[in-house]
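**Student:** Take this structure, written in structure tokens, and hold onto it; I'll ask about it next.
The values are calculated or read from the model by the stated rules, or taken from the named source; none is laboratory data. Since we're looking at a predicted model, the values are computed, not measured. Ideal geometry is used to build each Cβ from the backbone, glycine not excepted, and the neighbour counts take in all protein chains shown. Please note that ligands, DNA and RNA were not included when accessible areas were found on the heavy atoms of the full protein model with its side chains. Shrake-Rupley method; radii C 1.70, N 1.55, O 1.52, S 1.80 Å.
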Amino acid sequence: MALASTPVPGPARATARLAVVGVLAAVVVLVLIERVYRVFEVQLTGGILRVITTSGVYVAGDRETVYFGLSGATPLGLQMTPECSSVFLLIPLFLVTAAMLWFRPSNAHRLFLSLLAASLVVIVVNQFRLLAIVGLVHWLGVDNGYYWGHTLLGSMVSVFGGAVALVLFVWLATRKPKSAPEVGDVVR
């Protein structure tokens, strides 16, 4: 059995190359707006905390900081630094998408859906990490809660979530579409 590649016609190849340039441009944009993205993440965390807690939440977007526990004895603020943001976890997904678009332009639709799904997983996982820090600070106190939430659990959540996002991306991007049974196939 031989594997043959089907050549991509000129206009389709040009469109694919344009898509690659677009994805790479999106990476540049993500780097340039990373501060605005961090403000978005902090606002999202603050919104979630307002829904799930009654202890008082304030978001200082200009400082990329969410303050929580304001009605308690130990209020705390979490500042979103570039290292804690999910923006730089998204960039490898965009780069892999660009590379796969370059080599398999006919798979563009599936690649963009995979990128969207994996990006959402990365964003949700980072929010879960931030909420875990908040929960552990409430449960264990500031010193122990922040240590366990940020250093240990937060790191494990980020690594595990990033791995899940990458596996999801690859699975969605490379799986074969289900085909209808052919004449003579045995259907079980």
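**Student:** Return the total of residues in segment 43-55 being under 16 Å from G135 (Cβ atoms) and either surrounded by fewer than 17 Cβ atoms within 10 Å (Cβ to Cβ) or over 16 Å from the mean Cα position of the chain (by Cα) (or both).
**Tutor:** Narrowing segment 43-55 to residues under 16 Å from G135 (Cβ atoms): 45-46, 48-55.
Next, from what is left, pick out any that are either surrounded by fewer than 17 Cβ atoms within 10 Å (Cβ to Cβ) or over 16 Å from the mean Cα position of the chain (by Cα) (or both): 46, 48-55.
Residues flagged as under 16 Å from G135 (Cβ atoms) and either surrounded by fewer than 17 Cβ atoms within 10 Å (Cβ to Cβ) or over 16 Å from the mean Cα position of the chain (by Cα) (or both) within segment 43-55 amount to 9.
**Student:** Which condition does Y58 not pass, out of (1) modelled with pLDDT under 90; (2) open to solvent by 50 Å² or more (accessible area, probe 1.4 Å), if it passes all the others?
**Tutor:** Condition (1) is where Y58 drops out.
**Student:** A follow-up question, please. State which residue pairs qualify: first residue farther than 12 Å from P92 by Cβ and inside segment 161-175, second residue open to solvent by 70 Å² or more (accessible area, probe 1.4 Å) and assigned to a helix (DSSP H, G or I) in any location, beta carbons under 7 Å apart, and separation of 6 or more residues or different chains.
**Tutor:** L172/L113
**Student:** Within segment 61-97, count every residue that is more than 29 Å from V167 (Cβ to Cβ) and surrounded by 14 or more Cβ atoms within 10 Å (Cβ to Cβ). Don't jump to the end; show me each part of the working.
**Tutor:** Within segment 61-97, the first condition is being more than 29 Å from V167 (Cβ to Cβ), and the residues that meet it are 61-77, 79.
Add one more test, that the residue is surrounded by 14 or more Cβ atoms within 10 Å (Cβ to Cβ), and what stays is 61, 64-69, 75-77.
Selection size over segment 61-97: 10.
**Student:** Any chance you could count how many residues in segment 62-86 are outside any loop (DSSP other than H, G, I, E, B), within 16 Å of V134 (Cα to Cα) and of a type outside the set (A, V, I, L, M, F, W, C)?
**Tutor:** Quick first cut of segment 62-86, residues outside any loop (DSSP other than H, G, I, E, B) only: 62-63, 65-68, 76-79, 82-84.
Within this subset, residues satisfying the condition of being within 16 Å of V134 (Cα to Cα) are 65-68, 76-79, 84.
The next check asks that each one be of a type outside the set (A, V, I, L, M, F, W, C); those that pass are 65, 67, 77, 79.
Number satisfying all stated conditions: 4.
**Student:** Shifting gears a bit: Working only within segment 16-42, note down all residues that are touching a residue at least 12 places away in the same chain (Cβ under 8 Å), surrounded by 14 or more Cβ atoms within 10 Å (Cβ to Cβ) and not charged (D, E, K, R).
**Tutor:** A16, A19, V20, V23, L24, A26, V27, L30, Y37, V39, V42
**Student:** Then there is this: Considering each of G47, G77, G61, G56 in turn, give the residue that is at positive phi and not charged (D, E, K, R).
**Tutor:** On the way: G47 fails: at positive phi; G77 fails: at positive phi; G61 fails: at positive phi.
Just a single option satisfies the conditions, and that option is G56.
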